[in-house]
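Engineer: Once you've had a glance at the structure underneath, I'll fire off some questions.
Here, each number is a calculation from the coordinates, and none is a lab measurement. Please read all numbers here as calculations on a predicted model, not as lab measurements. Heads up, the Cβs are rebuilt from the backbone with ideal geometry, glycines too, and the neighbour counts pull from every protein chain shown.
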Amino acid sequence: MWQWIDLNTPLGARILTFEARLFYLNRGVVFGADHMLLPTYSMLLADAVTYVRGLGVTYILDSPWSHEPEINRIFWTRSVIFQNLANQTYFTVVHAENEVKLYSL
């Protein structure tokens with residue numbers, strides 16, 4: 001997935017994710033538990049999408065592995081964005097490898 005992202009997304013892409021294994025990724029990253037995302041926990045989905053777009057986020061990387069660690073799960077379950085990735089009005093899968101998915105925002 002990291003190679004695909006590096007080869008197929010713009011250099012200025014910014015990715016929202018809870019995935020911690022990003023050492024090979026050469027794109028900007030906003031970690032899903034970052035303090036700047038706290039306002040989104042009480043927003044409607046449309047408002048949260050607008051908010052993260054305002055942070056420059058252009059993609060969302062979802063990995064089932066990142067849902068498991070207890071420290072992430074607290075934030076992941078409160079994230080209106082990650083809880084609604086199946087909403088095709090806002091999110092489109094642009095690439096998937098097994099259960100790891102990259103969505104455009």
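Engineer: How far apart, in nanometres, would the label points at VAL93 and ASN26 be if each is projected 7 angstrom from Cα along the Cα-to-Cβ direction?
Structural biologist: For VAL93 paired with ASN26, the spin-label model returns 2.8 nm.
Engineer: Please identify which residues in region 86-105 have an amide N closer than 20 Å to a label point set 7 Å out from the Cα of LEU44, following the Cα→Cβ vector.
Structural biologist: In region 86-105, the label zone of LEU44 (backbone N under 20 Å from the point 7 Å along Cα→Cβ) covers 86-91.
Engineer: Oh, and also: Using only the alpha-carbon atoms, how far is helix 45-54 inclined from the longest principal axis of the chain? Give it as 0 to 90 degrees, nearest 10.
Structural biologist: Result, in degrees: 50.
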